[in-house]
Amino acid sequence: MKKTAFVTGGSRGIGRAIVRRLAAEGCAVGIDYLQAREQAEALAAELRVQGHEALAVRGDVSDRGAVTAAIRLVEAEFGPVEVLVNNAGIAEQRQFQDISQDFWRHIFGVNVDGAYHTIQAVLPHMLHEKRGCIVNISSIWGQRGASCETAYSASKAALIGLTRSLAMELAPSGIRVNCVAPGVIRTDMVEVLGEETLSDLARETPMGRLGTPEEIAAAVAFFAGEGASFVTGQVLTADGGFIL
């Protein structure tokens, strides 16, 4: 039976790779985006040409009504969501004393509240059917912390806490909740750091290179697949050994 997947922040970078991988695994995929409409629609068109089912939908994850409406559009097209990937996230370097309340709430609004909104939107069906898979995308900075990225690190740590607590709560209902914590992955989000910094980060990584979005997508696909049917509440760190 084909599963319906919903991927937030699915138009670019890690999200785009996750969408492609889940489609290749046989899922009908809802591609949630906020601003990158052209990229999301091009991705959906690409997948449809390949024979997959895909739909691009706009939904601000920090807006409960907006993202719930996006999920309902996907469910009307493909059926209830059984695989939810909370990938949408934002980051910005700022010293702690310069963090305003609005900035703090914005980071948490997307990175943490977004997951809260989407999970509550898909959970009733999962509970009724006693099956479902939720994968949250955290970060190594949520495990170790990062200077000048306090808000981002705190929000990603919150996702790990959400993952573990919710996994315990939902396990009796047959719903699995897991988390992937990427290291430094070559995407638009990190390209802004510049080649010198990226080279330094690659040298700090025991494997001697940055990760790829496709490698994170593979980790998500594992959690979403039947091979992980007895796996829940876990954090899979994919960082080339960066925080060993």
Checklist entry - Taking the range 213-239 only, how many residues are over 23 Å from Pro172 (Cα atoms), part of a loop (DSSP other than H, G, I, E, B) and either open to solvent by 50 Å² or more (accessible area, probe 1.4 Å) or without any contact (Cβ under 8 Å) to a residue 60 or more places away in the chain (or both)? => result 0
Item to check | Checking Ala91 against (1) outside any loop (DSSP other than H, G, I, E, B); (2) touching a strand residue (DSSP E or B) at 6+ places or on another chain (Cβ under 9 Å), the condition it does not meet | outcome: (1)
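Determine whether Glu75 is outside any helix (DSSP H, G or I) and either charged (D, E, K, R) or in contact with a Pro (Cβ under 6 Å, 6 or more places away or on another chain) (or both). Step through it out loud before you land on a result.
Details: outside any helix (DSSP H, G or I): no; either charged (D, E, K, R) or in contact with a Pro (Cβ under 6 Å, 6 or more places away or on another chain) (or both): yes.
The answer is no for Glu75.
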Item to check | Contacts under 8 angstrom Cβ, first residue in the range 196-207 being within 16 Å of Ala238 (Cα to Cα), partner small (Gly, Ala, Ser), 6 or more apart | outcome: Ala202/Gly208; Thr205/Gly183; Thr205/Gly240; Thr205/Gly241; Pro206/Gly240; Pro206/Gly241; Met207/Gly240; Met207/Gly241
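Evaluate the following for Leu84: is it out of contact with any Leu (no Cβ under 8 Å at 6 or more places or on another chain) and buried (at least 23 other Cβ atoms within 10 Å of the Cβ)? Before the answer, list the steps.
Numbers: out of contact with any Leu (no Cβ under 8 Å at 6 or more places or on another chain): yes; buried (at least 23 other Cβ atoms within 10 Å of the Cβ): yes.
Yes.
Of all residues in the range 140-196, how many are closer than 18 Å to Gly114 by Cα and either open to solvent by 50 Å² or more (accessible area, probe 1.4 Å) or outside any helix (DSSP H, G or I) (or both)? Steps first, please.
Step one: list which residues in the range 140-196 are closer than 18 Å to Gly114 by Cα, which gives 142, 151-167, 177-181.
Then drop every residue that is not either open to solvent by 50 Å² or more (accessible area, probe 1.4 Å) or outside any helix (DSSP H, G or I) (or both), which leaves 162, 164-165, 177-181.
Residues that pass the stated criteria total 8.
The values are calculated or read from the model by the stated rules, or taken from the named source; none is laboratory data. Predicted model only: the values in this text are computed from it and were never measured. Note that each Cβ is placed from the backbone with ideal geometry, even for glycine, and that neighbours are counted across all protein chains shown. Ligands, DNA and RNA are excluded from the accessible area calculation, which covers all protein heavy atoms including side chains. Shrake-Rupley method; radii C 1.70, N 1.55, O 1.52, S 1.80 Å.
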